[in-house]
Amino acid sequence: MKGKINAALAALALASAAQAADGISVEFPGSNNSLMRIEGDARYLLMPVQESNDDATVRVLVDGRLEKTIYVRLAKTKVDYSVPFDLTPYRGHKVTLNILSSQGRGSVREAKEDVAWSNFALADTFDTTNTERYRPAFHHTPSYGWMNDPNGMFYDGERWHLYYQANPYGSKWQNMTWGHSSSADLVDWEHHPLAIEPDGLGAIFSGSCVVDSAGTAGFGPGAVIALYTSADASQMQSMAYSTDGGKNFTKWPGNPVLVLESEARDPNMFWHAPTNEWIMVLAHALEHEMLVFASPNLRDWTLRSSFGKGLGAQNGVWECPDLFRLPVEGEDTYKWVFLCNINPGAPFGGSGTQYFVGDFDGTTFTPDRLPDGTVPEKWMDYGKDNYAGVSWSDAPDARRTVIGWMSNWQYAAEVPTTQFRSANTLPREMGLFRGADGQVYLSCTPSPEVDVLRDRATVKASGVSAGSNGRSYRLPSANDGICEIDIDLKSEHADSVMISLSNEAGEKVDLCYKAADRTLAMDRRASGKDDFSQEFPAVTVAPLYGPDGSLSLRIFVDRSSIEVFADGGRSSMTNLVFPTQPYTTLTVKGIGGKARIENLKIYPLRALF
């Protein structure tokens, strides 16, 4: 009898384990709970992901103590891709994963059928070679996984540092961490290890970095200071510092540095020389306003003022602020610009960046007003896919260089990629100009470093008429058709001018210039794949501020995006596109009469990825 009982217990123990790779064993204490024990000294544990699943909670135990908690959409019926968990910090220690599933399984037997258990693997390398048709060729993207808001950007005198909201364990939003890339030229980006990871105060949301040249924070002259939002049940502001130029950060042991009694996030700070103190602007998200704080040391913050209540677009959450000073073109005048990202509530749905022009005295931002006393609504970009844009601190030559997240919260998690999700816009230089109505507006032009991407022009034309039959030009075929199109037009006798990018599959993007309305529209409703979201097919429209009857455009075409800069950047429009094959033809038509192509150049662009 005793032998039968022992045999039954042995069989039960065997049934509670699942087949796994060498160095990995899995046990099942319950139908929605599994334990994975890891042996050996491999660099990575490769975790299989199925995006349609809910997150599993993975508690990482090192020598029996909780090290961290991550969330992974572990595969149940198929593996979409794998993501790496770095084991190198734990070499020589016992590593166990306590995995809690939300799948609602009925039994251990059902749990053991998940394909994840036979697809975990140990490896010393993780392949990030691009496997995606739509990975941009010349925009910054994460090496793998999810990315959203740019964070903490600063220039160290040699390199531009770009941090960003990242999920290292999947291509959808979760596990918010600061990823890190840097570049000597804003074009070629080098990926670095994760910079700031979640802790007991929560996930690491957006924030900013400054170089503390005078050492006011107490970490030495030249320390890089990061402020970010710790986000768990509540949102609080925390600090980390780096003494090696932004490679490694240490969290301040006194975190959080700022606690409010309401939701606030995305601290953005700068040194204000006239008052000899640090200024921080903070999004009072649900109140639809920005808060202004001051500090002598980046740790002790005093509320000075608030801005925005009842002004501008109010239909979404206010996020990701920035505040900076710029000269007005052609004038001996400076104005301040307050960037305010909002989601939803942008002109064409979902996410967008509004801005206010005015004055700032170190305490209060005062917006410019129209003659009737109202504050005008202004937008930095009139496409659907430029959000969370903020600027680099300490940029050289008094430049104000901004980069944004090139997506929209309406469909960011559903775009047709899996190895990675999301890219950044091209870096852009901010300027101010005065419009014919007397108002001061923000301009955005591609950073001059972008010009190094150009190859020799393959198309040149000038002084050409374009009527209803159109003028067509071949786009470059190399590098999936990525190119820059520079074109100067005059509407002349045409009611409107249509500029189309098309391919042999009948897919196209139309740019329609209406001189009388002084507008430029982009229609992507037939641009390619759009079945992933009903919010994706759209027409976006930008106001124009150039000379009457004339239009100058720079159009940047990447594998999955089109960025348009009109009249020296006085208008801009950024939209994602997913053609099933590259666009091959540029056609210019005059509608209702003939238009004139004053100059046209098409440059193939160098692919970086």
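The values are calculated or read from the model by the stated rules, or taken from the named source; none is laboratory data. Here the structure is a predicted model, which means the values were calculated and not measured. Every residue, glycine as well, gets a Cβ built from its backbone with ideal geometry; the counts of neighbours run over all protein chains shown. Only protein heavy atoms, including side chains, enter the accessible area calculation; ligands, DNA and RNA are left aside. Shrake-Rupley method; radii C 1.70, N 1.55, O 1.52, S 1.80 Å.
In the context of the full set of protein chains, the chain has a per residue accessible area of 40 Å² (1.4 Å probe).
Is the shape of the stretch 18-161 rounded, prolate or oblate, going by the alpha carbon gyration tensor and its root eigenvalues a ≥ b ≥ c, with a/c under 1.5 for rounded and a/b larger than b/c for prolate?
Numbers: a/c = 2.04, a/b = 1.56, b/c = 1.31.
Verdict is prolate for the stretch 18-161.
Between THR580 and ASP488, the distance separating the two model label sites (each 7 Å from Cα on the Cα→Cβ line) works out to 4.0 nm. Residues within the reach of a label modelled at LEU370 (point 7 angstrom out along Cα to beta-carbon, backbone nitrogen below 17 Å), restricted to the stretch 413-440, are 435-440. A dipole drawn for the chain from +1 and -1 charges on Cβ atoms has a positive end, and of THR250, ASN575, TYR334 the residue lying farthest that way is ASN575.
Taking the Cα centroid of the stretch 93-120 and of the stretch 418-467, what is the distance between the two, rounded to the nearest whole Å? Each part reduced to its Cα centre gives a spacing of 50 Å. Scalar couplings 3J(HN,Hα) for the stretch 560-568, obtained by applying the Karplus form with A = 6.51, B = -1.76, C = 1.60 to θ = phi - 60°, are 9, 7, 9, 10, 10, 10, 9, 6, x Hz; x denotes Gly and Pro. Students often forget the sequence filter, so: which lysines lie under 21 Å Cα-Cα from LYS76 once same-chain residues fewer than 8 apart are removed? Hits, sequence-local ones excluded: LYS112, LYS172.
Between amide H atoms placed 1.01 Å from N, distances below 5 Å from LEU608 occur with PHE138, all of them 5 or more places distant or on a separate chain.
Multiplying the residue separation of LYS68 and ASP54 by 0.36 nm and subtracting their alpha-carbon distance yields 3.1 nm.
Expressed as a whole percentage, what fraction of the accessible surface of the chain belongs to carbon and sulfur atoms when a 1.4 Å probe is rolled over the protein heavy atoms? Exposed carbon and sulfur together represent 47 percent of the surface. Here the Karplus curve 6.51 cos²θ - 1.76 cosθ + 1.60, taken at θ = phi - 60°, turns the phi angles of the stretch 523-531 into couplings of 10, 10, 5, 10, 7, x, 5, 8, 7 Hz, with x standing for Gly and Pro.
Among the listed pairs LYS529/LYS601; LYS68/LYS309; LYS384/LYS514, which have their C-alpha atoms separated by more than 32 angstrom in this model? If you can, show how the numbers build up before the last one.
Values: LYS529/LYS601 28 Å; LYS68/LYS309 39 Å; LYS384/LYS514 20 Å.
Beyond 32 Å between Cα atoms: LYS68/LYS309.
Distance between the 7 Å Cα→Cβ label points at SER102 and GLU132: 2.3 nm. Shown is the FRET efficiency for ALA398 and ASP232, computed with R0 = 41 Å from the Cβ-Cβ distance and rounded to the nearest 0.05: 0.60. The stretch between ASP451 and ASN599 holds 51.5 nm of extra length on full extension. This uses 0.36 nm per residue minus the Cα-Cα distance.
Between LYS78 and GLU377, the modelled label-to-label distance comes to 4.2 nm, taking each label 7 Å out from Cα in the direction of the beta carbon. The trypsin sites (Lys or Arg not before Pro) of the stretch 268-335 that DSSP puts in a loop, and whose beta carbon has at most 16 other beta carbons within 10 Å, are LYS309.
Remark: the SER262-GLU287 segment gains 8.1 nm on full extension, using 0.36 nm per residue and subtracting the alpha carbon distance. The phi torsions of the stretch 293-308, fed into the Karplus equation with coefficients 6.51, -1.76 and 1.60 and a -60° offset, translate into couplings of 10, 9, 7, x, 9, 6, 10, 9, 10, 10, 5, 9, 6, 10, 9, x Hz, rounded to whole numbers, with Gly and Pro shown as x.
For every helix of n ≥ 4 consecutive DSSP H residues, a contribution of -39,500 (n - 2.57) applies; sum these over the chain, divide by its total residues, and give [θ] at 222 nm rounded to the nearest 500 deg cm²/dmol.
Details: 2 runs with 19 residues, N = 609.
Helices in the chain give a 222 nm mean residue ellipticity of -1000 deg cm²/dmol.
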